[in-house]
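Novice: Have a look at this one.
Every number here is computed from the coordinates shown, using simple stated rules; none is lab data. This one's a predicted model, so the numbers in the text were calculated from it and none came from an experiment. Cβ placement follows ideal geometry from the backbone for every residue including glycine, while neighbour counts extend to all protein chains displayed.
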Amino acid sequence: MRVHRLLILIAALLSACGKPTERIIDACVKAIEERIGDRSHTLDRRDMRANVEEQDGQYRVRSTVVFSPGLPNEYRQKFECRARLENGQGVVTFLQFQW
């Protein structure tokens, strides 16, 4: 029984440590959504994942947000988001839309 609990604890700890890029992307998505408010938009997390670069603990995500998707006034806007991990959480340090 103790071994079973120990294995569960180890698995939980390992899952909490995994995929820092997902935590970075989550932080960037949250920052983007806070910045644009309730405007209709979509973000392609797969594209964001494919465009993550890491250097010295700083992550840079470059991608595109689509505003008013599927509507006649749909348009795309490129962005760059930089973030780092602090206490296991993504913290955005820079967010810029290339208007």
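Novice: Once you have the Cα-Cα distance between Ser40 and Asp56, take 0.36 nm times their residue separation minus that, and quote the gain in nm to one decimal. Mind dumping the intermediate values first?
Specialist: On the way: separation 16, 0.36 × 16 = 5.76 nm, distance 3.47 nm.
Full-extension gain reported as 2.3 nm.
Novice: By its C-alpha gyration tensor, with a ≥ b ≥ c as the square roots of the eigenvalues, how is region 19-98 shaped: rounded for a/c under 1.5, else prolate for a/b larger than b/c, else oblate? Working shown, then result.
Specialist: Details: a/c = 2.29, a/b = 1.97, b/c = 1.17.
Prolate shape, in that a/c is at least 1.5 and a/b is the bigger ratio.
Novice: Quote to one decimal, in nm, the extra length available between Glu22 and Ser68 on full extension: 0.36 nm per residue of separation minus the C-alpha distance between them. Can you show the working numbers first?
Specialist: Values: separation 46, 0.36 × 46 = 16.56 nm, distance 2.52 nm.
Residue separation times 0.36 nm, minus the Cα-Cα distance, leaves 14.0 nm.
Novice: With θ set to phi - 60°, apply the Karplus curve 6.51 cos²θ - 1.76 cosθ + 1.60 along region 89-97 and write out the HN-Hα couplings as whole Hz, x wherever there is a Gly or Pro.
Specialist: Running phi through 6.51 cos²θ - 1.76 cosθ + 1.60 with θ = phi - 60° gives 10, x, 10, 6, 10, 7, 9, 9, 9 Hz.
Novice: Return Phe94, Phe79, Phe67 ranked ascending by Cβ neighbour count within 10 Å, so the fewest neighbours appear first.
Specialist: Details: Phe94 11, Phe79 21, Phe67 15.
The most exposed by this proxy come first: Phe94, Phe67, Phe79.
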